[in-house]
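Below is one structure, written out as structure tokens; the observations come after it.
The values are calculated or read from the model by the stated rules, or taken from the named source; none is laboratory data. Model, not experiment: these values are computed from the prediction. FYI the Cβ positions are ideal-geometry reconstructions off the backbone, even for glycines, and counts take in every protein chain you see.
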Amino acid sequence: MSTFVLVPGFWLGAWAWDEVAAPLRAAGHAVHPVTLPGVAERAGDREPIGLADHVTALADLLVREDLWEVVLVAHSGGCAPAGGVADRMPERIRRVVYLDSGPVIDGGSLYDLWPPDYREAADASVVDGRLPMPSWEFLAAHGAGAAGLDGAALARIRERATPQPAGAYRDRLRLTGAGPALPQALVSCSFPIAQVRAMVASGHPWFAGLDGPNWELRELPTGHWPMFSRPDDTAALLAELARL
């Protein structure tokens, strides 16, 4: 059996993984969904909160729960802290799985990867150092579509989403180079895997470095939120990747 640490994307807490964690636990796996500082039930955490706080929170979890051979799963914006802790504590990680996301390079930030209009909209929307969740229409226009989600699911996510600390996407990730050598996987939900391979070959910054021998590339066709739209299939694919 495997040990999973599930890192949510922006605006989400550990609750986002409920429907993925249940079948994994039923199959005998140990599952640790994460709420990062500043969101969900931790929305009242001290200010300011930066990317380093998110990396440290993951590192503290690994130590506190004495976790080893971890399958570290990062959805969307959870890629930066996951990459940071994999670099800091590679001896505890079996595989890093990027779920409709990708690795952030040394010295890079998520803000760097956003197109100019997304950055401008984010800058204009920040309140007290936190970015509220944009409209579904805006997200879909920028590659984070909600395919597979009905009105009730959209409303539930919107109701429970909390503003994201701006430091999580503005701060630059500093890496030693230990993390990228680990076994890694990309599960593409928003793009066909053939398109991902073409973007890798073209040097697209979203997928820098995905052409190494330690990478598995998989496809799970749905929108950007597979833990809500295809939770059972997400759990099954994560379990499969854990066995590699």
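Data for the structure
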quantity: Some residue of segment 22-37 being within 16 Å of the chain's Cα centre (by Cα), in contact (Cβ under 8 Å) with a residue 12 or more places away in the chain and assigned to a helix (DSSP H, G or I); calculated: no
quantity: Meets criteria (modelled with pLDDT under 95 and under 26 Å from Glu240 (Cβ atoms)) for Ala146; calculated: no
quantity: Test: Tyr98 is closer than 21 Å to Leu217 by Cα and of a type in the set (Phe, Trp, Tyr); calculated: yes
quantity: Within segment 165-194, considering residues that are touching a Ser or Thr at 6+ places or on another chain (Cβ under 8 Å) and assigned to a helix (DSSP H, G or I), the one surrounded by the most Cβ atoms within 10 Å (Cβ to Cβ); calculated: Tyr169
quantity: Residue among Arg42, Arg46, Arg25 that is more than 26 Å from Ala153 (Cβ to Cβ) and basic (Lys, Arg); calculated: Arg46
quantity: Cβ-Cβ under 8 Å pairs, at least 6 apart or on other chains, segment 218-229 side touching a residue at least 12 places away in the same chain (Cβ under 8 Å) and under 19 Å from Leu24 (Cα atoms), far side in a loop (DSSP other than H, G, I, E, B) and of a type in the set (Asp, Glu); calculated: Pro226/Asp100
quantity: Leading residue by the ranking (nearest to Glu240 (Cα to Cα)) among those in segment 88-99 that are surrounded by fewer than 24 Cβ atoms within 10 Å (Cβ to Cβ) and in contact (Cβ under 8 Å) with a residue 24 or more places away in the chain; calculated: Arg95
quantity: Residues within segment 146-156 that are buried (at least 19 other Cβ atoms within 10 Å of the Cβ) and either in a helix (DSSP H, G or I) or of a type outside the set (A, V, I, L, M) (or both), tallied; calculated: 0
quantity: So Asp45, is it without any contact (Cβ under 8 Å) to a residue 24 or more places away in the chain, in a helix (DSSP H, G or I) and of a type in the set (D, E, K, R); calculated: no
quantity: The one condition in (1) in a loop (DSSP other than H, G, I, E, B); (2) basic (Lys, Arg); (3) under 16 Å from the mean Cα position of the chain (by Cα) that Arg218 fails to fulfil; calculated: (1)
quantity: Counted residues, segment 22-56 - those being in contact with a helix residue (DSSP H, G or I) (Cβ under 8 Å, 6 or more places away or on another chain), hydrophobic (A, V, I, L, M, F, W, C) and crowded, with 21+ Cβ neighbours inside 10 Å; calculated: 7
quantity: Segment 104-120 residues that are part of a helix (DSSP H, G or I), paired with ones that are surrounded by 15 or more Cβ atoms within 10 Å (Cβ to Cβ) and among the hydroxyl-bearing types (Ser, Thr, Tyr) (beta carbon under 6 Å, 6 or more apart); calculated: Leu110/Tyr169; Tyr111/Tyr169
quantity: Filter result (in a helix (DSSP H, G or I) and either among the aliphatic types (A, V, I, L, M) or at pLDDT below 95 (or both)) within segment 121-143; calculated: Ala121, Ala122, Ala124, Leu139, Ala140, Ala141
quantity: Residue ID - surrounded by the most Cβ atoms within 10 Å (Cβ to Cβ), chosen from residues in segment 107-129 that are of a type in the set (A, V, I, L, M) and closer than 15 Å to Trp206 by Cβ; calculated: Leu110
